[in-house]
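The values are calculated or read from the model by the stated rules, or taken from the named source; none is laboratory data. Since the structure is predicted, the reported quantities are computational estimates derived from the model, not experimental observations. Here the Cβ positions follow ideal geometry from the backbone for every residue, glycine too, while neighbour counts run over all protein chains shown. In case anyone asks, the SASA skips ligands and DNA or RNA and just uses the protein heavy atoms, side chains included. Shrake-Rupley method; radii C 1.70, N 1.55, O 1.52, S 1.80 Å.
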Amino acid sequence: MKYQLSMLALLATICTSASAAECQTTVEANDAMQFSVKSMEVPKSCKKFDVTLKHTGKMPKNMMGHNFVVSLEADKAGISTDGMTAGAAANYIKPNDKRVIAATKVIGGGESTTVSIPVGNLAAGSDYVFFCSFPGHAAVMKGSLKVGS
Ligand code: ZN
């Protein structure tokens, strides 16, 4: 009986760590204005999906700053434009922008930051994007994001 209980505990531990691993990823950004991934699929089973943005470059954030923003594809242009107006102090995101599903702060070379995507707020079949809202970056620093099965 004691043996069975410890086996169950062990199995539970394994299951927990496996699902946690699927509910997070790391995206790298560099001084060449590039993300390391072009597309991302978020498992539907995750309550939240943690994205760690790692700036592998050396340039400071006022010159080559990067953030990681998630929105519907249709909202990307508007968020970028309003973010530019909001400026660096607002991390190039208009305060309380309801179109933004998740966003990190802007970081410079050598820094990293993490944000949680609330998976329950995403709809399967909708076209989402992730991008960097630093002025001039969104045209190349972008990728598609979908909710997987
Ligand atoms: Zn950027």
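Would you mind stating whether Lys142 is touching a residue at least 12 places away in the same chain (Cβ under 8 Å) and open to solvent by 70 Å² or more (accessible area, probe 1.4 Å)? Yes; evaluated as a whole, the condition is true for this residue. Of all residue pairs spaced 6 or more apart or on separate chains, those with beta-carbon atoms under 6 Å, a first member in the range 66-79 that is closer than 13 Å to Tyr92 by Cα and a second member that is open to solvent by 40 Å² or more (accessible area, probe 1.4 Å) and away from the ligand (no atom under 14 Å from the Cβ) are Ile79/Arg99. Just one of the listed residues (Lys54, Lys58, Lys94) is under 13 Å from the mean Cα position of the chain (by Cα) and either open to solvent by 20 Å² or more (accessible area, probe 1.4 Å) or within 15 Å of the ligand (Cβ to nearest atom) (or both), and it is Lys54. Applying the criterion of being of a type outside the set (Val, Ile, Thr), within 16 Å of the ligand (Cβ to nearest atom) and outside any helix (DSSP H, G or I) to the residues of the range 61-91, the residue that is most open to solvent (accessible area, probe 1.4 Å) is Asn91.
Residues considered: Val115, Val129, Val147. Of these, the only one that is within 19 Å of Val37 (Cβ to Cβ), touching a Leu at 6+ places or on another chain (Cβ under 8 Å) and more than 16 Å from the ligand (Cβ to nearest atom) is Val147.
Out of everything in the range 97-108 that is open to solvent by 20 Å² or more (accessible area, probe 1.4 Å) and within 15 Å of the ligand (Cβ to nearest atom), what residue ends up being farthest from Phe134 (Cα to Cα)? Going through the qualifying residues, I end up with Ala103. Taking first residues from the range 34-45 that are touching a residue at least 12 places away in the same chain (Cβ under 8 Å) and partners that are open to solvent by 100 Å² or more (accessible area, probe 1.4 Å), the Cβ contacts under 7 Å between residues at least 6 apart in sequence or on separate chains come to Pro43/Glu22; Lys44/Ser149. When the residues of the range 132-144 are narrowed to those that are within 14 Å of the ligand (Cβ to nearest atom) and not in a loop (DSSP other than H, G, I, E, B), which ends up nearest to Ala86 (Cα to Cα)? This residue is Lys142.
Here Phe131 meets the list (1) farther than 21 Å from Lys54 by Cα; (2) in contact (Cβ under 8 Å) with a residue 60 or more places away in the chain almost entirely, failing just condition (1). A single member of Ser19, Ser39 is modelled with pLDDT of 95 or more and within 21 Å of Lys146 (Cβ to Cβ), and it is Ser39.
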